[in-house]
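Here the structure is laid out as structure tokens; the discussion comes afterwards.
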Amino acid sequence: MIMAPHPLIQAIIDFSAGPIGGTACVLKGQPFDTAKVKKMQTFPTLYRGFIHCFTSIFQAGILPLMFSGGFGGACFWLTVYPIDCVKSRIQVYSFAGRQEGFMKTFMGVIRTEGFTALYSGLTPTMIRTLPANGAFFLAYELSRKFMMDTAGYR
């Protein structure tokens, strides 16, 4: 793990990373929790079951927003993943005492393993990015709409 050069900076980074990660997890699971609460507690007779409740919530416009965010995140990772792969290799090499720059590492991967090696591990990233970016985009759009409505711009 790469550490910040100053302990105070590292403490700030560590202190910030936990809440940010926790927030991302909550945002990703929130649609399921909302459906559960609506079905089981708030409106127990309104929905035929969990699936009916879940699909009714998403028909209100949430699903297209989440799909848009997930698709945007997938496009982002398809573009950026080779750079992230090289960055990860540079980090691993530095632990082993090998310091190589970006271009040298990039060309070394292509030369020894081929271009497709730059996308190794993409599947779990894509599985994660669809719901995570969907939830992020949904939260962004809903909070933007709320602020615009509150300010009287709609």
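The values are calculated or read from the model by the stated rules, or taken from the named source; none is laboratory data. Worth saying up front: this structure is predicted, and the values here are computed from it rather than measured. Note: ideal-geometry Cβ built from the backbone for every residue, glycine included; neighbour counts use all protein chains shown. To get the accessible areas, we keep the full protein, side chains included, count just its heavy atoms, and leave off ligands, DNA and RNA. Shrake-Rupley method; radii C 1.70, N 1.55, O 1.52, S 1.80 Å.
At-a-glance table
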quantity	calculated
Residue check for ARG128: open to solvent by less than 80 Å² (accessible area, probe 1.4 Å) and in a helix (DSSP H, G or I)	no
Residue in region 107-117 that is in contact with a helix residue (DSSP H, G or I) (Cβ under 6 Å, 6 or more places away or on another chain) and either within 25 Å of CYS75 (Cα to Cα) or hydrophobic (A, V, I, L, M, F, W, C) (or both) present	yes
Considering residues of region 135-154 that are assigned to a helix (DSSP H, G or I) and among the aromatic types (Phe, Trp, Tyr) only, the residue least open to solvent (accessible area, probe 1.4 Å)	PHE137
Qualifying helices (runs of 4 or more DSSP H) (wholly inside region 3-103; at least 1 residues being modelled with pLDDT of 75 or more and open to solvent by 60 Å² or more (accessible area, probe 1.4 Å))	7-37, 63-95
